[in-house]
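Contents: one structure, followed by commentary.
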Amino acid sequence: MTVAANPYLQGTFAPVHEEVTATELPVSGRVPEALNGRYLRNGPNPVSVPEPAAYHWFTGDGMVHGIRLRDGRAEWYRNRWVRSAEVARALGEAPRPGPVHAEMDFAPNTNVIGHAGRTFAIVEAGARPYELTEELETIGPCDFGGTLEGGYTAHPKRDPLTGELYAVSYFFGWGNDVEVTIIDAAARVRSSRRVAMGGPVSVHDTAITQRYVVLLDLPVTFSMEAVASGASFPYRWQEGYHARVGLLPRDGDATDVVWHDVEPCYVFHPMNAFDEPDGDGVVLDVVRHPSMFRTQLLGPAEGSPTLERWHIDGHGSAVKEERLDDRGQEFPRVDERRVGLAHRYGYAVAVHEIDDIVGTESVLVRHDLDRRTTTTRSFGRGAALGEAVFVPRADDAGESDGWLMAIVHSADTGTSALHILNADDIDGEEQAVVELPQRVPAGFHGNWVPDLT
Ligand SMILES: [Fe+2]
């Protein structure tokens with residue numbers, strides 16, 4: 001296979017090769033003065049040219065891109081590889097010592113978060129977080145002061161009422177167990193529980209409510225066959241797997257989980273979950289893929305990922321599935337202040353296939369789930385839109401009263417920009433567009449990390 005034949009080494013996915021620092025970035029429109037902090041985004045960006053036939057996007061070394069906003073200015077842009085030992089060596093630097101888990105030293109490539117005034121690049125499947133400085137230099141691998149027993153996840157959920165991070169972590173060395181952890185607001189694990197799933201599953205994400213942690217026990221499992229064949233990404237769809245969703249009481253243990261059967265499918269990302277106001281049930285909004293890693297490991301998904309509302313009764317009945325939106329979409333997000341609480345609005349990225357010549361078009365979708373309506377904004381043909389992150393205008397602002405921030409990559413010009421939209425007027429005039437000094441390859445997840453006040 002050539003580089004040209006691996007979709008994750010070309011076009012919007014092609015890695016960049018330089019670490020750039022630029023200050024006082026050009027802006028059109030006006031950066032709101034209330035936005036003081038950093039927009040951070042992580043993604044795979046192999047430091048050494050990979051063997052195209054063996055390269056899977058999920059396994060590329062993590063590179064974090066950051067844009068610092070302050071007092072109405074776009075103060076800086078930086079991109080930095082996360083220095084795992086291998087990345088440090090490739091860059092001719094000394095490795096950063098630290099508590100690596102089970103020799104799984106990996107430059108986390110999936111998400112980047114702020115917590116307790118610190119910055120962490122994070123990933124799933126056994127590797128620990130790497131801590132970064134404010135300016136994205138690598139400090140080293142982190143076990144939260146010796147409190148994290150194993151690896152972590154790329155998708156902790158922060159309870160907005162307590163500031164604690166809930167996570168479901170998996171690792172092939174734990175057999176069928178996952179580890180459910182709660183990290184307190186001071187960045188120490190205060191609770192850790194093992195729960196047996198039906199197999200050695202890949203649990204990419206979770207959701208919380210005020211009562212429960214949601215466990216997604218779905219048919220993508222660790223495959224010894226894939227390992228034996230030399231695959232760098234060893235998780236595969238398992239035909240016949242018993243798909244189910246568990247509700248683990250927040251303070252319960254493995255024996256307290258109530259399981260609910262669901263039609264086999266795969267969910268990378270819940271949008272959010274919340275307790276039914278009456279009764280014991282839970283509402284869980286997810287982006288549902290009909291299957292994953294069944295026939296394809298590279299390239300587009302196996303059928304359209306749709307937005308679904310799952311009704312879970314809390315007593316073990318099968319999940320009732322309700323289609324909310326049948327256009328293909330991913331990267332669902334809500335206002336972080338609604339995580340685990342009832343939400344009205346959600347945001348996602350849809351991709352329209354236009355035709356073979358002009359390629360695809362990314363569309364931002366704003367869901368009003370009370371009215372069951374959507375608003376969309378296109379960024380034009382050839383534009384690749386990253387995950388959109390909601391930032392409230394003020395701490396006490398309403399659920400859609402704020403901005404959406406996302407990086408847009410233009411295939412036509414090979415440039416990227418940070419777009420800031422008014423969340424209640426996404427198809428109106430943009431609040432601001434911050435030009436970036438180099439392209440930002442398509443990646444995974446990002447977050448707005450406000451300055452601590
Ligand atoms: Fe993800």
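FYI, it's all coordinate maths here, none of it is from the lab. From a predicted model like this one, the values you see are computed outputs, not experimental measurements. When we count neighbours, we look across all protein chains shown, and the Cβ atoms used for this are built from the backbone with ideal geometry, even at glycine.
Structure notes:
- Inter-label distance, nm, simple model (7 Å from Cα along the C-beta direction), L161/T373: 3.1
- Theoretical FRET efficiency, 1/(1+(r/R0)^6), r = Cβ-Cβ of S28 and R344, R0 41 Å, to 0.05: 0.85
- Looking at region 221-311, the DSSP beta bridges with both ends there are about 100 percent antiparallel.
- 3J(HN,Hα) from dihedral phi, region 49-55, Karplus parametrisation 6.51/-1.76/1.60, rounded to Hz, x for glycine, proline: 4, x, 6, x, 5, 9, 7
- Dipole of the chain, positive direction: furthest Cα of H289, W76, H311, with charges on the beta-carbon: W76
- FRET efficiency for the E103 to D256 pair, using the beta carbon distance and R₀ = 41 Å, is estimated at 0.75.
- With the convex hull constructed from alpha-carbon coordinates only, the chain shows a mean projected area of 20.1 nm² over all directions.
- Applying 1/(1 + (r/R0)^6) with R0 = 22 Å to the Cβ-Cβ distance of R194 and V227 gives a FRET efficiency near 0.45.
- Within the shell defined by Cβ-Cβ distances under 14 Å, the residues around P50 carry a net charge of -3, with Lys and Arg each +1 and Asp and Glu each -1.
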